[in-house]
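A short worksheet on the structure shown next.
What follows is calculated from the coordinates using simple rules that are stated; it is not laboratory data. Every value quoted in this text rests on a predicted model; they were computed, and no experiment measured them. When we count neighbours, we look across all protein chains shown, and the Cβ atoms used for this are built from the backbone with ideal geometry, even at glycine.
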Amino acid sequence: MQEKIIILDFGSQTTQLIARRLRELNTFCEILPYNKYPEDDHDVIGVILSGSPFSVYDPKAFQVDLSRFIDRLPVLGICYGAQYISHTRGGRVEPADSREYGRANLQWTDTESPLFRGFEPSSQVWMSHGDTITALPDGFHVVASTDSVRFAAFQSDRAPVFGVQFHPEVAHSLQGTLLLRNFVVDICGGHQDWSPANFIEETVEELRRQIGQDRVILGLSGGVDSSVAAVLLNRAVGHQLTCIFVDHGMLRKNEFHDVLRDYECLGLNVRGVDASGKFFRDLDGVTDPEQKRKIIGRDFVEVFNEEAQRIIRENASHTEATGGGAVRWLAQGTIYPDRIESLNITGKVIKSHHNVGGLPKEMNLSLCEPLRWLFKDEVRRVGRRLGMPEHLITRHPFPGPGLAVRILGAITPERVRVLQEADDIYIRSLRNYKVKDEDGHEQSLYDTVWQAGAILLSEVRSVGVMGDERTYENPVALRAVTSTDAMTADWARLPYDFLAQVSNDIINKVKGVNRVCYDISSKPPATIEWE
Ligand code: XMP
């Protein structure tokens, strides 16, 4: 039995962060919409109630019947969660005099409380609420206060029920992880037994049981998620798995061949499909960014489906001859944040994976998503444990439509070639430039940023001079950002001498480019990609 903590989501922006913190504690947890608490909860060891954009008095505020778990299982309410417990048990919640927002220090904590075991005096926490608790319900007592928030944390006298009005899941709550550890391990009795090795062993067994003698198709993108999913499946069912890797012509320089070779070295059965001609034809003259994305998405599904059909047909004749299994599964590298993003808290799908949505029903394939419970950092840990090469694991995210969203205006093979050259110089330079981390270890500049790439400003031309000649060519913008999840991002402070060298190399070596700019916009208000 996989024991788990349930996080009931009341719509806070930091709900995912709670889950990430628990996973860092090697504890399994699941985020569920506030109204989807499971009927059968025999594997649940504790419940966390998240924050919410609503006040408990708002007529639209999300309600939950706490009696389904509150006296049977440990409960921790965070922010709205704490106010909701207080409000529904007879306490008082009122609008705060001023919105309590930002850093605060816990002036007093009851270190006898199991939730605050090991807390230092004046521990810094992060507050973000408009309401505040002004009276606790009967049977509850205060266990932490700040200067302005008397009931910063409380607990029940009788049962393991706790509330904190600050956010332990955000990094500004300096001992927040300790608080969550105290809850999960000491109060709920969690075992902290998640590890890549256990995950691999259990998942391989489950995949073998699930798939049996059937055959599986998987679309590879070159990214870490689909690559790890493929290697895991390959370990489970070997050559029952066939992977499809589509070249739409807008990958990085040499990417198609390099990645294909990596996959082959990993022992994967991969079919590389060069469909660049079709994509360039269909994109001819299209300048609208959304239109470009639509065409690429549609073409991708068409190419993928055609190849999948071919594999199914080939396999059918082979099956007749040998008695092997039929193609019954479509595997994907979907990870947990993809699924959380696709569900809003009412449980409605608001975003679906493009290659699932487009798969014809008559193919009759079932979905297999072996990484569906993992966060990105966990996927990387699993990949390392599977022995995959480091450059595949630490590869930056790259958008599905590829360089098409980094070329302003119409896409032509020539523009792609120019951008590929500039991008290649930039990325290779990032890999070669070494810096020291906080512990004095050497790492490449590439590994210090979340994502980097070059953008061709093909609609802009500026004057330059090269040798004795006047030039009138395109600029290239370089982008590098730091981020933890791509939801927000800041521009990376790359060293000036590095930028100087890259600019020089690009202008000297890439014909058609006479100027290099560095993008210093953060997200929001800008986005990571330009289109
Ligand atoms: P933005 O530009 O929205 O990007 O800040 C956030 C992250 O998503 C990637 N991205 C995409 N990935 N298809 C994808 O598969 C797309 O159309 C797409 N657009 C942006 C982007 O590279 C960044 O990691």
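Brief remarks on what is shown
- Relative contact order, percent, the chain [alpha-carbon distance under 8 Å, six or more residues apart]: 10 percent
- Electrostatic bookkeeping for E531 treats Lys and Arg as +1 and Asp and Glu as -1; over the other residues with beta carbon under 10 Å from its beta carbon, the sum is 0.
- Local net charge near L22, Cβ-Cβ under 11 Å (Lys/Arg +1, Asp/Glu -1): +2
- Ranked from largest, the principal axis spans of the Cα set of the range 196-393 equal 50, 45, 39 Å.
- Averaging the Cα positions of each part gives two centres, and for the range 478-524 and the range 275-330 these lie 34 Å apart.
- Förster radius 25 Å - calculated FRET efficiency between D519 and A410, Cβ distance, rounded to 0.05: 0.70
- Here's the picture: a label point sits 7 Å out from the Cα of N364 along the beta-carbon direction, and within the range 198-220 the residues with their amide nitrogen under 16 Å of it are 214-216.
- Taking one quarter of the surface of the convex hull spanned by the alpha-carbon atoms of the range 4-187 gives a direction-averaged projected area of 9.2 nm².
- In a reduced charge model with +1 at each Lys and Arg Cβ and -1 at each Asp and Glu Cβ, the chain shows a dipole moment near 700 debye about its Cα centre.
- With the highest mean first, a sort of the peptides 145-153, 481-489 on other beta-carbon atoms found within 10 angstrom per residue produces 145-153, 481-489.
- Dipole of the chain computed with +1 at Lys/Arg Cβ and -1 at Asp/Glu Cβ about the Cα centre; of I200, V125, I335, farthest Cα towards the positive end is I335.
- Sequence-separation-based contact order of the range 204-347, relative, with Cα cut under 8 Å and 6+ spacing, percent: 33 percent
- Charge dipole magnitude, Cβ of K and R +1, D and E -1 - the range 196-393, Cα centre, debye nearest 20: 260 debye
- Folded to 0 to 90 degrees: helix 255-265 orientation relative to the chain principal axis, Cα: 70 degrees
- Neighbour cut-off at most 13 other Cβ (10 Å), DSSP loop, chymotrypsin sites (Phe, Trp or Tyr not before Pro), the range 11-101: Y57
- Segment R103-S444, extension gain: residue separation times 0.36 nm, minus the distance between their alpha carbons: 119.4 nm
- Structure-based [θ]222 nm, the chain - -39500 (n - 2.57) summed over DSSP H runs of at least 4, per residue, nearest 500: -10000 deg cm²/dmol
- Summing Cβ point charges (Lys, Arg +1; Asp, Glu -1) relative to the Cα centre of the range 403-518 gives a dipole of roughly 400 debye.
- With contacts taken as Cα pairs under 8 Å and at least 6 residues apart, the range 4-187 reaches a relative contact order of 21 percent.
- On Cα atoms only, tilt of 496-509 relative to the major axis of the chain in degrees: 30 degrees
- Helix axis angle, 224-237 relative to the chain longest principal axis, alpha carbon, degrees: 90 degrees
- FRET E, pair E264, R92, Förster distance 56 Å, beta-carbon r, rounded to 0.05: 0.25
- ³J(HN,Hα) computed for each position of the range 175-183 - Karplus, 6.51 cos²θ - 1.76 cosθ + 1.60, integer Hz, glycine/proline x: 10, x, 5, 5, 4, 5, 4, 4, 5
- In terms of packing, defined here as the mean over residues of other Cβ atoms within 10 angstrom, the peptides 184-190, 507-513, 200-206, 166-172 line up highest first as 166-172, 184-190, 507-513, 200-206.
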